[in-house]
Amino acid sequence: MNETTRFNVSYCSDPLFKLRVLKQATVEKCDICLLNENNPLRYGEFVEKVYKTQRKIRAHYFCLLSGTNIPQNGSTPAGIAGFKISDVLSSYAEYREKQCYYCRHPSAPVECAQAGCGRRYHYICGYSNSCVTQFAGEFRSYCDQHLPEGCRVPVTTKGRRCSICFEDLPQVTEPDYNPLSIVRTHCDSECPPGLLHRECVQRFAYTSGYNFKCPLCWNKAFRVHAAEVGIFIPQRESAWEREPGAFKDLHKRKCTAVDCKAGNGRNAASQLVGCKVCGGQLMHRQCCGVSDADDYLCSGCRDESFVRLV
């Protein structure tokens, strides 16, 4: 994945948050973990907030979400996407002297939730060492020795490719192999047992928001499994719903086919179906050539990514 593609995601860049998002590699360090890696698909967006006129605070968004002693007490626009600046600053005392179990450097804000464990680590180090933060419920984190049962299912990648990007999956024999970098799909008996790159799923989640679902069978129950294995799913509208004028024609209820076979008549309006992905480009069933409304995919969503998913 090239640099441009890696940074082409959006959540904290929403004007609502009033944050500056660093979109390239930087020497600036996160004020929480004191590391400067910048990969929004792995560690969340690297954000910068100006406060008290000239002071700045920088953080990986997932460092904020996973930090054991960093409360999220603000409203959405407050501080850093809901994290009050005062809470973030006061949290330093809780972990600044705590040493990361994996890299042995200080300022390890994440603590394993397993009773009696006590291991501390940086979110970035945890990502590389098969740890997981569950982005649901209490946002608990677990070290590689105490993973929840759903994260300990063996994954065989030999001869398999990611069902989203169709690129090869890492092999068990590779030195940097990490089983948690692969997400399984098998929502029910009708869902194909696919394997997905974690970064591909995270990109899909950033884009889909409330509409996030299994990319193979479109089951929304998949979001529960995804969150439990470390996928952050933004609670907001999908990217296509946030486009300017996305709903401007919703009230018109007209077939968008160039040559409408029903003549856009009022009596035929009840037969209109929308794209199964975005709900747009309404057409009559006979105009889009499908017998089942769930099979209709509009031209806008039929790009390289979605063709591979359906």
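Counting the residues of the range 192-210 that are part of a helix (DSSP H, G or I) and either open to solvent by 40 Å² or more (accessible area, probe 1.4 Å) or modelled with pLDDT under 90 (or both) gives 3. Candidates in the range 140-161 are the residues that are outside any loop (DSSP other than H, G, I, E, B) and open to solvent by less than 40 Å² (accessible area, probe 1.4 Å); of these, the one that is modelled with the lowest pLDDT is C151. Does C103 satisfy the criteria of being within 22 Å of G118 (Cα to Cα) and open to solvent by 10 Å² or more (accessible area, probe 1.4 Å)? So C103 fits the description; yes. Just one of the listed residues (V224, V307, V277) is modelled with pLDDT of 75 or more, in a helix (DSSP H, G or I) and within 22 Å of the chain's Cα centre (by Cα), and it is V224. State all residues of the range 140-177 that are over 13 Å from C112 (Cβ atoms), touching a Cys at 6+ places or on another chain (Cβ under 9 Å), touching a residue at least 12 places away in the same chain (Cβ under 8 Å) and not hydroxyl-bearing (S, T, Y); if no residue qualifies, say none. Once the filter is applied, which keeps residues that are over 13 Å from C112 (Cβ atoms), touching a Cys at 6+ places or on another chain (Cβ under 9 Å), touching a residue at least 12 places away in the same chain (Cβ under 8 Å) and not hydroxyl-bearing (S, T, Y), the range 140-177 yields C162, I164, C165, E167, L169. Being in contact (Cβ under 8 Å) with a residue 40 or more places away in the chain and part of a strand (DSSP E or B) is the filter here; which residues of the range 48-99 pass it? Once the filter is applied, which keeps residues that are in contact (Cβ under 8 Å) with a residue 40 or more places away in the chain and part of a strand (DSSP E or B), the range 48-99 yields H60, I80.
Within the option set Q72, Q114, being within 24 Å of Q235 (Cα to Cα) and not hydrophobic (A, V, I, L, M, F, W, C) holds for one residue only, Q72.
Considering the range 28-47, the residues that are in a loop (DSSP other than H, G, I, E, B) and open to solvent by less than 30 Å² (accessible area, probe 1.4 Å) include one that is nearest to A108 (Cα to Cα), namely C33. Could you go through the range 9-22 and let me know if any residue there is at pLDDT below 90, surrounded by fewer than 16 Cβ atoms within 10 Å (Cβ to Cβ) and β-branched (V, I, T). No: zero hits. Based on what the data block shows, is A25 of a type in the set (G, A, S) and surrounded by fewer than 17 Cβ atoms within 10 Å (Cβ to Cβ)? Yes, satisfied. Restricting attention to the range 100-139, the residues that are of a type in the set (K, R), assigned to a loop (DSSP other than H, G, I, E, B) and out of contact with any Cys (no Cβ under 6 Å at 6 or more places or on another chain) total 1. Per the listing D176, D188, the residue uniquely over 24 Å from E241 (Cα atoms), assigned to a loop (DSSP other than H, G, I, E, B) and touching a Pro at 6+ places or on another chain (Cβ under 9 Å) is D176. As a summary of the residue check, E228 satisfies the conditions (1) in contact (Cβ under 8 Å) with a residue 40 or more places away in the chain; (2) out of contact with any strand residue (DSSP E or B) (no Cβ under 6 Å at 6 or more places or on another chain); (3) open to solvent by less than 50 Å² (accessible area, probe 1.4 Å) except for the one numbered (3).
Would you say L169 is in contact with a helix residue (DSSP H, G or I) (Cβ under 7 Å, 6 or more places away or on another chain) and open to solvent by less than 20 Å² (accessible area, probe 1.4 Å)? No.
The values are calculated or read from the model by the stated rules, or taken from the named source; none is laboratory data. In this text the structure is predicted, and so the values were computed from the model without any measurement. Cβ sites come from the backbone with ideal geometry, for glycine too, and all protein chains shown count toward neighbours. To get the accessible areas, we keep the full protein, side chains included, count just its heavy atoms, and leave off ligands, DNA and RNA. Shrake-Rupley method; radii C 1.70, N 1.55, O 1.52, S 1.80 Å.
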